[in-house]
Every structure is written in structure tokens, then in C-alpha cells.
1. Only bridges with both residues in the chain count here: give the DSSP antiparallel percent, nearest 5.
2. Could you work out [θ]222 nm for the chain from helices alone, using -39500 (n - 2.57) per DSSP H run of at least four and dividing by all its residues? Round to the nearest 500 deg cm²/dmol.
3. Out of 479, 510, 530, whose Cα points farthest toward the positive end of the dipole of the stretch 468-538 (charges: +1 Lys, Arg; -1 Asp, Glu; placed on Cβ)?
4. Any idea which of 110, 290, 122 is furthest toward the positive side of the dipole for the chain, if Lys and Arg beta-carbons carry +1 and Asp and Glu beta-carbons -1?
5. Can you compute the charge dipole magnitude of the chain about its Cα centre, using +1 on each Lys and Arg Cβ and -1 on each Asp and Glu Cβ, nothing else charged? Give it in debye, rounded to the nearest 20.
6. Using modelled amide H (1.01 Å from N, peptide plane; none on Pro or chain starts), what sits under 5 Å from the amide H of residue 73, excluding residues fewer than 5 places away?
7. Filter the cross-link list 207/618; 380/584; 494/618; 88/455; 299/625; 106/618 down to pairs whose alpha-carbon distance in this structure exceeds 31 Å.
8. What residues qualify as long-range amide H neighbours of residue 573, i.e. H under 5 Å apart, gap of 5 or more or another chain, H built at 1.01 Å from N?
Amino acid sequence: MSAEFPIVREPSDYELHRSNMAQYMRWLEEKGYGHFRDYAALHRWSVENLETFWATIWEYTGIIASEPYERVLGRREMPGAEWFPGAKLNFTENLLREALHGDRNKVAITEVSETRPRQQLTYGELLEEVAALQRFLREQGVGPGDRVAGVVANTAETVIAMLATAGIGAIWSSASPDFGANGIQDRFGQIEPKVLIAVNGYGYNGKTFSRLAQVEDLQQRMPSIRCVIMISNLPEEPIPDSDGIVSWDAALADGRGAEAQFEQLPFDHPLYILYSSGTTGVPKCIVHGAGGTLIQHSKELMLHGDIKRDDTFFYFTTTGWMMWNWLASGLVTGAEIVLFDGSPGYPSLDVLWDMAEREGVTHFGTSAKFIGGCRNKGLKPGEEHDLSALRVIFSTGSPLLPEDYDYVYDHIKREVLLGSISGGTDIVSCFVGACPIVPVRRGEIQCAMLGMDVKAFNDEGEPVINERGELVCTQPAPSMPVMFWNDPDNARYKAAYFDTFPGVWAHGDFISFSDTGGCVIHGRSDATLNPGGVRIGTAEIYRQVETIGEIADSLVIGQPWEGDVRVVLLVVMNEDETLTDELKRKIRQRVREGASPRHMPAKIVAVDQIPYTRSGKKVELAVTKILRGDKVENREALANPESLDEIAAIPELFE
């Protein structure tokens, strides 16, 4: 399999000897845990000695706790594993360790926005803002276990609000302001927040959008809300002087000079409520614990991401995607995090590369879709920008095409570590991803993450190598959800992950692991195509189609047809291009030669746009429902629901 995924980058001498991962391996050896000749040996040790491994991560990453843990795992079974019983800690205290024990004057946050001037906060200023908001939240009766919800942009106030909430032991949940009122109520209505923090509007793609009416609507719909704190994200939009609404500045005014509170709580005390996409029904409310999120993110960011105190970490994300939570956790490293609020394509696709140059970004996080878009437009960021500070590019959201590896190394930076990472909202972290001491292979994710006992299972529940199978995790991980909200007997939790293989987490991705330890995600297993009974991952077709110059985007689905399943391909054409019969033949030939005859689409149809979730994922299942003649219930979960209407109105798809 190694010939199929040629090495396109070898680890540098710095990474092999001075990266955090290399230093952790030396530390393990000095502590007497053994000698590890390479990453594969280290990973094998981490899953064969699970409790010892996580104990070393606790120590090495410097988890701050007021009470020590009694043991690493109180219970091992899934679901229901109990991590670090006896420990008492606070998530916010750990993220603000630089302010508490380091340099208060070091920059913590740089905010770049379409609607407001660039601003920066030091760690000391961040701590002061957190303390001031905490006082106001406590005055509203917010305490441990209560919910604080945010309809918020990716700005400094959102990080402050999350840290203040977690500091007093309350639970934070956020959605991006482009959600409609119904979509927000579908989420926050289930968790009944006491306080809502909301922007008065947002900017995107050079336009501004007021959210005052939406916020007032939510106040009426959700009686649990005692108070709305409104952030002036559109400076020209006045904040209403009405009952139950207070401006951000007014909320913090009385708390200036207060001391921050760090409620000491059990390891599995709820920290976040995140949501499933909601494309097939009302979103599931996924509850993540403070300790599990903290220790998992510390491992990923420090070791796998090699983020150090002097680095500058950026990830393009909205507050409704788990990558926002991952970005916020960057504070635990003492690094500077960069928040970007706006469109990644306005005024041009260069805007993020301009920002990366200006801010000296060392770690640049984005989506596979963005990298593909830059390739499609012929951008050459490495030639047009000074990216000398850049060491790592993270990519997630969908599989990264082999051609995008070529593009990054040819046109962005030859020396950069291209780290394709994959996990999800379900674990608010990664199963597989990047590693600074492992070669980068074209078209392949580098490795399974430390402590994650992941495999590809065939239909019989047997692990397979160099074959496609279901992505499973056979041992517990600390960032698995502590529960689903309003799921007292864990029935929905079990059904979501443990029905396929009892006692084993089935993630819902179709994956193959190679004998070198890397892997390829072939798409969602629930969107797997089955023409002629042969299982095909949708990503296998995207890899072929989306490198054709005439095509800007695509979506592939399986449609029940005459007792079988036919493959349907929807394509968005590049500007000035047309879907001709000749191009259809070219597409089918490319798919046939690059994948197999089974992969060839029976129908190829041009559309104006492909449906996406608000976190930038292609929506295959909703289109599958349309092609079956079923109704799509929860259109609020989509960024562009009108795309479904266009697809449903194409007669060719039903003949």
C-alpha cells in the first residue's frame, strides 16, 4: 500500500529531536516507561497500556487539579467509562495558566473581523474580563450545572463568555448567528439556558445582517432565559433599551476588579453541549466533560499539533463547529490564538493568507474545501505572501484529495507539515490525524492519535488492514460524551454509537488503514453507496471528480432504482463552463480509471449549488431522502436550504 501513498514530506531534524512529541518520548524513556523507536511503537504502547498512558499525559501536559485522582479508570466499559475518579479541577483555570503562573502581558487573543477593527487581548486582560463577566453571571443565579448559551460570532467576547461560564461550573453551548430562530430553538430549547449571550448582528462577504429581531423572538420562545447579554458586533446597530437585554459593556462594568472564580469540580463535570448536524431530525445534544475535553485537547494540541508557547494558532471556524472549541483550547499551551470573523472568500480567497502573513501564523487551520477552492482558483500563496512563520497546516471537515497535497507542497510551502485530522463533534476531538515525527504521505492521514484504539472493522466485527471498513474505537477515550441531554437511560447515546458492535464505539465513518499506519476516510458509512451490493465510499468518487478543471464542486448519492442502487452525481460548474455530453464521458472515464466501473455515476446533473451544513460539510443524506421521495424535516441545519428545492425540481433525477 505504501506505493499508493508516496511520501511527500519527511520530518525535519527539528521535529525528530525538538518537537513536543519527540521531547515527550524522551521524557517517557527517562521516567522508565520504555524506549520507543518510532511513533508506531509509541502508539502501540499507548493503547496496550491505556491507563498508564493517560496518567503520563496528565503529568506531562501539566493538568492543574486541586484534588488528585484515585486511579485513571474507575470503570472501563463503553458506554459508561469513568475517568480519573476523585480528581477535582476547573477547565478555565487550566486554560488561563499563562495568566495565573506565567506572563500576564503575553498576547492571548488576536481578533480579526469584517465588522470591527483588529484587537488584541493579553492573558492578564483576558483573566480580568472573565472575572468581570463571572460576577454578572452569578448575579443572574448562574451556578454549577446551569446552561449559558451563545448566538455569537468568532470574537474575543465568545472566548471570554465560555471561560467565565466554565469557571463557575456552568455549561457553555454556542451557535453561529447565521442560524435561523427555528434552528437555534431546536438546539437551545432542549437545554433551557438561564442566560443568552447574543450578537446584535454579524458581517459576512461584505454584507451585514442584523439579529435584533431574532434575539427578541428567542426571548419569547424560551422562557428559561432570564437575561440577554448583547455584544455590539455591528457597531452601527444600536443595542435595544428593553427589559431583559443588557449590553456586554454594562454587564461587565460592575465586575471590574473582581477575582476570577475557578469552581473545583469532578473530572466528568459537564463543560460543553454540542449538537449533531440535525440534517435528519432534531439535533442530538451531546454533553462533553471538562476533564476529558481538557486532557484530550492538551494531548492533541501540544503533542500532535506541536503548538508551543511562542506559537500563533489560527483555525477558520464558526462558533457552531467543534473546531471553535479546539481553537479555544489552544490557550492551554500559552500560545496566541487568532480569531477570524467573516468570510474566507471576502474580498478574495487571499484574505486568510493575508492574515496569516500579517499575524505571523505558525499553525493554520482550515477545511479541505478551502484548500480545494484555492487550488481551483489557481492561488499561489507561497509566492504571493511571506509565510516564513508557517509550520503546520491543519485540514478537516472532509477528506483531503491527493491533488490537494500536491497543491500545498507546490504552491503554499514545501516545508510545512500538512496535517489532515478527523474526528468530530461526537468526541470534540480527533481519532486520527497529524504527527510531527511521521512522514506525510500523499492522500493519506498520517496516523491514529495516541491513546485512541481505532481500527477498521469488517461486517463481522473483525479488524482489517488495507481494506475498507467501519471506523471503530475498541477502548474508551476520555473525550467521549459523558451523556446526551435528556437521555436518562442512555438509550439514544447507546443507539448512536454502540448498536453496530456492542461494547465498541462505531463512529459512522468508512475507513481503511494501511500497513504503514496511515489511513483514508472514504466518507460516512451511513452515506455509503451499494450499487450491485458493493460498498463504495463517497469520498472515493470526490477524489476523481473534484480534480477535473471544469468542476467547482460535487455531491454523490445513492438512489434506490429498479431493485438496485444507482450512483447519482451532482456537479457545480466552474465559471464559463457547461456540462456537455463530452464532459460527462470524461467524468465517467476518470471515475472508471481512478476508482472502478462500479463507481461510475448513472446520472450526472449540473446544479447551481451543493447543500452544506453550517460547519461546511456536504449534506448527502438529505439529498438521498429527496431522491427517495421522502421529506427533509430539519432544513434549518443547512447553510443553503434552497439548494434542496433546486435538486427536488430536477425531473431528470426521477426518470
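1. On the way: 57 of 99 bridges.
Among the beta bridges of the chain, antiparallel pairing accounts for roughly 60 percent.
2. Details: 22 runs with 198 residues, N = 655.
-8500 deg cm²/dmol, from helical runs alone.
3. Working it through, the farthest residue towards the positive pole turns out to be 530.
4. In the chain, that residue is 290.
5. Numbers: 62 positive and 93 negative charges, 160 e Å.
The calculated dipole for the chain is roughly 760 debye.
6. When sequence neighbours closer than 5 places are left aside, the close amide H contacts are 84.
7. Details: 207/618 24 Å; 380/584 29 Å; 494/618 26 Å; 88/455 33 Å; 299/625 39 Å; 106/618 39 Å.
Violating the 31 Å Cα-Cα cut-off are 88/455; 299/625; 106/618.
8. For residue 573, the qualifying residues are 552, 607.
The values are calculated or read from the model by the stated rules, or taken from the named source; none is laboratory data. Bear in mind the structure is a predicted one, so any value in this text is a computation, not a measurement. Note: ideal-geometry Cβ built from the backbone for every residue, glycine included; neighbour counts use all protein chains shown. Just so you know, the surface numbers come from the protein's heavy atoms only, side chains and all, with ligands and any DNA or RNA stripped out. Shrake-Rupley method; radii C 1.70, N 1.55, O 1.52, S 1.80 Å.
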